[in-house]
1. I'd like to verify a number: residues in the stretch 38-85 that are of a type in the set (Gly, Ala, Ser) and touching a Phe, Trp or Tyr at 6+ places or on another chain (Cβ under 6 Å), how many?
2. Within the set of pairs 6 or more residues apart or between chains, which connect a residue that is assigned to a loop (DSSP other than H, G, I, E, B) inside the stretch 31-44 to a residue that is surrounded by 13 or more Cβ atoms within 10 Å (Cβ to Cβ) with Cβ atoms less than 9 Å apart?
3. Is it true that Leu17 is without any contact (Cβ under 8 Å) to a residue 12 or more places away in the chain, aliphatic (A, V, I, L, M) and surrounded by 14 or more Cβ atoms within 10 Å (Cβ to Cβ)?
4. Could we say that Glu41 is under 18 Å from the mean Cα position of the chain (by Cα) and closer than 27 Å to Val59 by Cβ here?
5. If we scan the stretch 17-29, do we find a residue that is in contact with a Ser or Thr (Cβ under 6 Å, 6 or more places away or on another chain), modelled with pLDDT of 85 or more and aliphatic (A, V, I, L, M)?
Amino acid sequence: MGDPIVEFALAGGAEALPARTLQRHFLRATGLTFGAVRQIERARHATILLREAMPILDVVAPDLKASELVACLENEFDLGHGHSMAIWAVFIDRGWATSRSKGGTRKTRAADPQ
């Protein structure tokens, strides 16, 4: 890129720099804000992890809890609590997320009687 501030920030030094300095240098060097460049880098990293078959929620939100997903679905998509919990159950069943009990072991849903 040519801008030493931008290169330093991209190498992990962003925390040591004032936010205004980052914004000014990134806009001048790339035409994008530091936040936009950081989002692009996170998306690239996520793409690599997904190609390696890592579960999607482990990539997007590794510490996501059922209550957080349910609240998001209820607030952002106007779903009821039952529908939101059903979506969480699908995530668990398909291995897209893990559900942990208080003891730290994986909960499994009971098998359907045949």
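1. Here is the first cut: in the stretch 38-85, the residues of a type in the set (Gly, Ala, Ser) are 43, 46, 53, 61, 66-67, 71, 80, 82, 84.
Filter once more, keeping what is touching a Phe, Trp or Tyr at 6+ places or on another chain (Cβ under 6 Å): 66.
Qualifying residue count, the stretch 38-85: 1.
2. Correct list of pairs: Leu32/Phe26; Thr33/Leu22; Thr33/Gln23; Thr33/Phe26; Thr33/Leu27.
3. Numbers: without any contact (Cβ under 8 Å) to a residue 12 or more places away in the chain: no; aliphatic (A, V, I, L, M): yes; surrounded by 14 or more Cβ atoms within 10 Å (Cβ to Cβ): yes.
No, not satisfied.
4. Details: under 18 Å from the mean Cα position of the chain (by Cα): yes; closer than 27 Å to Val59 by Cβ: yes.
For Glu41, the condition - under 18 Å from the mean Cα position of the chain (by Cα) and closer than 27 Å to Val59 by Cβ - is met.
5. No; the residues of the stretch 17-29 include none that is in contact with a Ser or Thr (Cβ under 6 Å, 6 or more places away or on another chain), modelled with pLDDT of 85 or more and aliphatic (A, V, I, L, M).
The values are calculated or read from the model by the stated rules, or taken from the named source; none is laboratory data. Keep in mind that this is a model prediction, so the values were computed, not measured. Cβ sites come from the backbone with ideal geometry, for glycine too, and all protein chains shown count toward neighbours.
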